[in-house]
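Take a look at the structure set out below.
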Amino acid sequence: MTRLVAETLRRVARAGLQDSMPRAAVLFIHARVQSTHPTIVEDASLVQLWGPRFSVYAVAAEDRAVFTLGRLPMDRRRRARAVDLADRLEDLLGGGAMPFGEAGRALGEQPKQLRYAAPTGRVLLRWDGARQPTVWIAAPPRDDPDWARLELARRYLHTRGPATADDFSQWAGINRTAAAATFDALADSLIPVVTPFGEADVLAADEDALAGRSGRPARVRLLPSGDTYTLLQGRQRELLVADAERRKEVWPSRVWPGTVLVDGEVVGTWRRADRTVTFDVWQHLTSDTRKVGRGRGDVAPHSRQSTDDGALGQLRSTRVGTVGVSVAASLAFHAMDVAGLGIDLAEVPRVRRLLQTYGERFKARCFTDHEWEYAHRYVDPSARLAARFAGKEAVMKSLGAGWRRIHWKDIEITGGGAPRVNLSGTAQRRADMIGVVRVLVTITHTDDQAMVFAMSFRDSAASSG
């Protein structure tokens, strides 16, 4: 397999490298770039900064705006707070650098508060994994924050998709409204797919890779502790490791081990202590695969085997070439049969009157918080609420049930240009009962009317079986 050279650091860091202990960014680069050294993150092509969720990240210097301005708050008050902190820090430092704890105390702030200046793109740092970061001020990026947020979402989807706007919100550390608006703006470049957790989106440009049409992955891969590939949270971990007990081994409460991938699947973990590498493999490996992990003996299922640095040279030859499409790339696109159709029309003036008369009571009965927030981004939310009201009726019809059997809030319609349907509670139970795995809607509205057409699908393999 072709190994990347040092000049391709920008490509390796395209999705950002979270630099948690034990120096995850350094290990990530070491697994992919020849002649890596412990101070690689100090290369002029990289910078360190507080990135998503205000964790320390190493990113390409020319991508600084993506990981900073892409997270700049849309709220004016919070944005002003970030700019004010950066201005005060610049006045304090006077062109120099200072440990961030000392800088925070000098400004009369809790040191961790300085991280909230990071989305301005002006605060850079150096962290070596032991001492507290040293911070300094750089010239602000000239890029547009809206562009940066879209690009950040694209990179997130490329490496961690399929995903939803809520997933992006949690990863990036931005609020749900900003995340939803970002996914809406990207609607034309996204494809909705079905995952074990419901509908999500992938980049249209990644369709071939996700469907397995762009070639097979490297046969065997060893990923280091804290690698971006395994930096998953919550339900996304189940896509990578289905067995709950095995997930505890991959993501223990203390320092994570490295992972062993065979044909794109996690089959075990590995750790290194001095000159000894210890493997814990969970399944039987073929003779060809065992050759890669052979040290003083074969790597057997459910057993621990060690190898010295001589065999480690063989193992290093299996390094991953670059950050590719996400951990969920093995999800197949489903062939589906139509299970039901539904259509409904809502009068916008009527919904406007209900909104004016009942307000919060109307919301409490019919709309989720996300739907309510989306509609109220507009001066008059009535048309968007009418569309969602009609959409819920249309979805009920496609499921062969009405509002007496399905609660209004158990159907959620999110997004604008490419709306998505999320089912829960009574709606999900009804879908499960008739084998529906996906519901699509299309919305159109004028100043006076909103019309929605819904189509529900069942898996063709299940329906033919």
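Quick check on segment 28-65: of everything there that is over 18 Å from ALA172 (Cβ atoms) and among the hydroxyl-bearing types (Ser, Thr, Tyr), which residue is least open to solvent (accessible area, probe 1.4 Å)?
Taking the candidates together, the pick is THR36.
Any residue at all in segment 174-186 that is open to solvent by 60 Å² or more (accessible area, probe 1.4 Å) and part of a loop (DSSP other than H, G, I, E, B)?
yes
Considering only residues of segment 111-168 that are assigned to a loop (DSSP other than H, G, I, E, B) and of a type in the set (S, T, N, Q), which is nearest to the chain's Cα centre (by Cα)?
Of everything passing the filter in segment 111-168, THR164 is nearest to the chain's Cα centre (by Cα).
Residues to consider are ALA386, ALA375, ALA394, ALA431; find the one that is under 17 Å from ARG350 (Cα atoms) and at pLDDT 90 or above.
Going through ALA386, ALA375, ALA394, ALA431 in turn, just one is under 17 Å from ARG350 (Cα atoms) and at pLDDT 90 or above: ALA386.
Look through GLU199, GLU207 and report the one residue that is in a strand (DSSP E or B), over 22 Å from ALA58 (Cβ atoms) and of a type in the set (D, E, K, R).
GLU199
Which residues, counting only those in segment 108-136, are open to solvent by 40 Å² or more (accessible area, probe 1.4 Å) and of a type in the set (Val, Ile, Thr)?
The answer is THR134, and nothing else.
Which of the residues belonging to segment 444-454 are modelled with pLDDT of 90 or more and surrounded by fewer than 23 Cβ atoms within 10 Å (Cβ to Cβ)?
ASP448, GLN449, MET451, PHE453
Could you say whether any residue in segment 101-121 is modelled with pLDDT under 90 and closer than 25 Å to ARG14 by Cβ?
For segment 101-121, residues modelled with pLDDT under 90 and closer than 25 Å to ARG14 by Cβ: absent.
Residues of segment 431-462 being part of a helix (DSSP H, G or I) and within 19 Å of MET396 (Cβ to Cβ), which ones?
The answer is ALA431, ASP432, MET433, ILE434.
Take LYS409 and decide whether it is touching a strand residue (DSSP E or B) at 6+ places or on another chain (Cβ under 7 Å) and either more than 23 Å from VAL348 (Cα to Cα) or part of a helix (DSSP H, G or I) (or both).
No; evaluated as a whole, the condition is false for this residue.
Looking at segment 381-397, can you tell me whether even one residue there is closer than 25 Å to ALA178 by Cα and among the acidic types (Asp, Glu)?
The answer is no; no qualifying residue exists.
Return a yes/no flag: does segment 242-261 have any residue that is charged (D, E, K, R), in contact with a strand residue (DSSP E or B) (Cβ under 9 Å, 6 or more places away or on another chain) and assigned to a loop (DSSP other than H, G, I, E, B).
Taking every residue of segment 242-261 in turn, none turns out to be charged (D, E, K, R), in contact with a strand residue (DSSP E or B) (Cβ under 9 Å, 6 or more places away or on another chain) and assigned to a loop (DSSP other than H, G, I, E, B).
When residues of segment 346-379 are filtered for being part of a helix (DSSP H, G or I), of a type outside the set (Val, Ile, Thr), in contact (Cβ under 8 Å) with a residue 60 or more places away in the chain and surrounded by 15 or more Cβ atoms within 10 Å (Cβ to Cβ), how many remain?
Final tally of qualifying residues: 3.
Checking ARG76 against (1) surrounded by fewer than 17 Cβ atoms within 10 Å (Cβ to Cβ); (2) out of contact with any helix residue (DSSP H, G or I) (no Cβ under 9 Å at 6 or more places or on another chain); (3) touching a residue at least 60 places away in the same chain (Cβ under 8 Å), only one condition comes out false. Which one?
(3)
Which of the residues spanning segment 397-421 are at pLDDT 90 or above and under 27 Å from the mean Cα position of the chain (by Cα)?
LYS409, ASP410, ILE411, GLU412, ILE413, VAL421
Test each condition in (1) open to solvent by 10 Å² or more (accessible area, probe 1.4 Å); (2) touching a Ser or Thr at 6+ places or on another chain (Cβ under 7 Å); (3) touching a residue at least 40 places away in the same chain (Cβ under 8 Å) for VAL12 and report the one that comes out false.
The single condition VAL12 does not satisfy is (1).
Out of SER398, SER382, report the one residue that is touching a residue at least 40 places away in the same chain (Cβ under 8 Å), open to solvent by less than 20 Å² (accessible area, probe 1.4 Å) and of a type in the set (S, T, N, Q).
SER398
Given the structure, is GLN170 among the polar types (S, T, N, Q) and out of contact with any strand residue (DSSP E or B) (no Cβ under 9 Å at 6 or more places or on another chain)?
yes
Within segment 87-110, track down each residue that is assigned to a helix (DSSP H, G or I) and touching a residue at least 24 places away in the same chain (Cβ under 8 Å).
LEU89, GLU90, LEU93, PHE100, GLY101, ALA103
The values are calculated or read from the model by the stated rules, or taken from the named source; none is laboratory data. Note that the structure is predicted; figures quoted are calculated from it, not measured. Here the Cβ is made from the backbone with ideal geometry for all residues, glycine too, and neighbour counts use every protein chain on show. Side chains included, ligands, DNA and RNA excluded: accessible areas come from the protein's heavy atoms. Shrake-Rupley method; radii C 1.70, N 1.55, O 1.52, S 1.80 Å.
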